[in-house]
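S.K.: Please read through the structure below; I'll follow up with questions.
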Amino acid sequence: RDKIAAKKKAAAAGAEVDDKAYKEELKKLQDSYAKKKAVIIQNEANMTITSEESKRQQLELAKEQADAELALARKRGKETGDLQIKSAQAQMALNKDNYSRMEKDLQQWLDDSLRADKQALLNREMTQEEYDSHTRELQTQHLDKLKALMEQYGMDTTGIEKKIADNQIKNQEEANKAILNAAKKARTEALKLSEQNEKVLSSAELRRKG
């Protein structure tokens, strides 16, 4: 990032130097033509050329000066355009660097959070169901934050939007599966409890008859 920032600063400094150089070159050009015009006027004063000839030469000189200044301006315009392109490229590189850094930070956040949940599961600080649910929530948050980051840097979000949609479908399927498993487990426990109650009642009946 420091290198890119330095390039942008150098480009800006270069633009100032080039602007100064352009002004100096333009002044030098104008001074040169001013001297040529003075010579023509002096020649007319010395009567080495006629008034008509003096006017003709001054007109040609003015046209020549205008063409020279236009050429210089066009050259300056091209150089300015090149500098603007370089500055834009430097800004794009800086944005790309910032995006890459923030994308890595988001991935690091997700990895750290998942690692912490895994450790909590191993330490029996959360159940498997709680772990699965929170993992899905973390992954959803990561995708949403990544999409927001891409939008911030004007990037195409088509791919991430597809991932978000796929993730939502997957989460819904897993949530439905968890509900079914919980219902199945509840039924199994209810059956076990019923069987145990029947055994207790049967034992009590046998003792009563005995």
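Every read-out reported here was derived from the displayed coordinates using simple, explicitly stated rules and does not represent laboratory data. What you see is a predicted model, and the numbers here were worked out from it, not measured in a lab. Cβ: placed from backbone, ideal geometry, glycine included. Neighbour counts: every protein chain shown.
S.K.: Output ³J(HN,Hα) for the range 187-196: one whole-Hz value per residue in order, computed from phi by the Karplus curve 6.51 cos²θ - 1.76 cosθ + 1.60 with θ = phi - 60°, and x for Gly and Pro.
M.R.: 5, 4, 5, 5, 5, 4, 5, 5, 5, 5
S.K.: Return the subset of Lys27/Lys96; Lys118/Lys177; Lys96/Lys177; Lys118/Lys199 for which the Cα-Cα distance in this structure is over 32 Å, preserving the input order.
M.R.: The pairs that break the limit, which is 32 Å between Cα atoms, are Lys27/Lys96; Lys96/Lys177; Lys118/Lys199.
S.K.: Ratio of the range 98-210's C-alpha Rg to 2.2 N^0.38 Å, to two decimals?
M.R.: Dividing the Cα radius of gyration by 2.2 N^0.38 Å gives 1.79.
S.K.: Residue-wise, which Karplus ³J(HN,Hα) couplings in Hz belong to the range 47-62, taking 6.51 cos²θ - 1.76 cosθ + 1.60, θ = phi - 60°, and x for glycine or proline?
M.R.: So the Karplus estimates, Gly and Pro as x, are 6, 7, 9, 6, 5, 5, 5, 4, 5, 4, 5, 5, 5, 5, 5, 5 Hz.
S.K.: Sticking with this one: Apply the Karplus parameterisation 6.51 cos²θ - 1.76 cosθ + 1.60, with θ equal to phi minus 60°, to every residue of the range 153-164 and state each ³J(HN,Hα) to the nearest whole Hz, in sequence, with x for glycine and proline.
M.R.: Karplus values, whole Hz, x for Gly and Pro: 9, x, 8, 5, 9, 4, x, 5, 5, 5, 4, 5.
S.K.: What spacing in nm lies between the two simple spin-label points modelled at Lys104 and Ala68, each 7 Å away from Cα in the Cβ direction?
M.R.: Between Lys104 and Ala68, the label points sit 5.5 nm apart.
S.K.: May I pose another question? Could you tell me which of the pairs Lys35/Lys75; Lys23/Lys63; Lys20/Lys75 are separated by over 18 angstrom between their Cα atoms in the structure shown? Can you show the working numbers first?
M.R.: Numbers: Lys35/Lys75 24 Å; Lys23/Lys63 20 Å; Lys20/Lys75 14 Å.
With Cα atoms farther than 18 Å apart: Lys35/Lys75; Lys23/Lys63.
S.K.: I've got another one for you. Take the alpha carbon atoms of the range 24-58, find their center, do the same for the range 113-135, and report the distance between the two centers in whole angstrom.
M.R.: Their Cα centres are 91 Å away from one another.
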